[in-house]
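In what follows, a structure is listed as structure tokens, so that the remarks can point back to it.
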Amino acid sequence: MMKTNSEIESIVNEILTKYVKRGGSYKILQEIMTAEGIKFKEVHSTNNDFVGALTKANSGQTYVMINGAIDNDGRKHFTIAHELGHYFLSHQLKQNAFYCSKNEIVEEGTWREPIEQEANYFASCLLMPEQKVKPAFLHILANSRKAVVKDFLHVKNDYTFGIWILIRDELMKRYGVSEAALRYRLQQLEVAKFDFKK
């Protein structure tokens with residue numbers, strides 16, 4: 001049965017209360033896995049489509065695996081958080097595994113599979129909790145001398161792009177996420193809209 005966004009946020013908040021004392025959630029992903037008895041493996045796959053997996057061995061041991069070829073730390077953090085989403089949301093493993101491709105673990109956009117959408121939303125909430133990322137974003141925006149509107153940022157190919165770059169760099173570093181994941185989360189929280197061409 002599908003979970004609502006508020007049900008997923010409630011599960012994430014329980015995890016954050018239990019594990020996150022200070023700093024970004026990405027810093028304690030290994031601690032969460034250790035506490036849950038999950039082993040982590042970085043595998044080097046020649047399959048460029050493979051991003052991550054949640055598997056269970058015949059012995060009953062649960063593993064989170066990610067493709068070691070991923071060269072973006074923010075993307076790695078999101079992938080691990082996504083696989084933990086499958087675990088904490090009690091998604092039923094097919095043949096003892098979830099193998100997720102780059103089309104399923106997407107930091108922004110839409111997904112074909114509802115369980116992948118849930119795991120992506122879980123990862124977004126875990127890495128960038130609303131009660132932390134939203135005030136941080138609004139604080140930086142409010143203190144920007146260039147920002148005209150202080151509670152919403154509509155990024156276009158104009159002066160707003162410069163404001164975005166300053167905010168982006170600070171928040172990507174603070175939360176250990178990619179730009180795509182940050183943009184998606186800020187849009188979910190209705191504090192930003194992005195209409196710029198790269």
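The values are calculated or read from the model by the stated rules, or taken from the named source; none is laboratory data. Predicted, not measured: the structure shown is a model, and the values here were computed from it. Quick reminder, even Gly has a Cβ in these numbers, built from the backbone with ideal geometry, and neighbours come from all protein chains shown. When the accessible area is computed, the model is the full protein with side chains, heavy atoms only, and any ligands, DNA or RNA have been set aside. Shrake-Rupley method; radii C 1.70, N 1.55, O 1.52, S 1.80 Å.
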- So how far, in whole Å, is the C-alpha centre of region 1-55 from the one of region 145-182? 26
- Note on the structure: Excluding ligands, DNA and RNA, the carbon-plus-sulfur percentage of the accessible area of region 118-198 with a 1.4 Å probe reads 54
- Query: Nearest 0.05, what FRET efficiency do Asp49 and Gln92 give at R0 = 25 Å with Cβ-Cβ as r?
  - Reply: 0.65
- Ignoring ligands and nucleic acids, what accessible area does Thr62 show with a 1.4 Å probe (Å², nearest 10)? 20
- Note on the structure: Expressed to one decimal in nm², the mean projection of the alpha carbon convex hull of region 54-99 is 3.3
- Query: What is the set of long-range amide H partners of Leu153 at a cut-off below 5 Å, with H atoms built 1.01 Å from backbone N?
  - Reply: Ala192, Lys193
- Query: Using the Karplus equation 6.51 cos²θ - 1.76 cosθ + 1.60 (θ = phi - 60°), what ³J(HN,Hα) coupling, rounded to whole Hz, does each residue of region 40-55 give in order, writing x for Gly and Pro?
  - Reply: 10, 9, 9, 10, 9, 9, 7, 7, 5, 7, 6, 10, x, 7, 10, 10
- Vicinal HN-Hα couplings computed from phi for region 58-63 (Karplus, 6.51 cos²θ - 1.76 cosθ + 1.60; Hz; Gly/Pro x): 4, 6, x, 5, 9, 10
- Query: Can you give the Rg and Dmax of region 1-77 based on its C-alpha atoms, in angstrom?
  - Reply: 14.4, 38
- Message: Can you give me the orientation-averaged projected area of the convex hull built on the Cα atoms of region 20-61, in nm²?
- Response: 4.2
- Whenever you get a sec, line up Lys21, Lys76, Lys134 from highest to lowest accessible area (probe 1.4 Å, protein heavy atoms). Lys21, Lys134, Lys76
- Task: Calculate, for region 129-198, the solvent-accessible area per residue in square angstrom, rolling a 1.4 angstrom probe over the heavy atoms of the protein chains.
- Result: 56
- Given GluC sites (Glu not before Pro), DSSP loops and at most 16 other Cβ atoms within 10 Å, the longest exposed-site-free stretch of the chain is 37-189
- Query: In nm, what is the difference between 0.36 nm times the number of residues separating Asp151 and Ser6 and their Cα-Cα distance?
  - Reply: 49.9 nm
- Query: Over the chain, one equal point on each Cα, no solvent: what is log10 I(q)/I(0) by the Debye formula at q = 0.17 Å⁻¹?
  - Reply: -1.13
- Item | Heavy-atom accessible area ranking, 1.4 Å probe, most first, across Tyr175, Tyr159, Tyr184 | Tyr159, Tyr184, Tyr175
- Query: Using the Karplus equation 6.51 cos²θ - 1.76 cosθ + 1.60 (θ = phi - 60°), what ³J(HN,Hα) coupling, rounded to whole Hz, does each residue of region 190-198 give in order, writing x for Gly and Pro?
  - Reply: 6, 10, 8, 9, 10, 10, 10, 9, 6
- Cleavage-rule hits, chymotrypsin sites (Phe, Trp or Tyr not before Pro), region 32-84, DSSP coil, Cβ neighbours within 10 Å at most 14: none
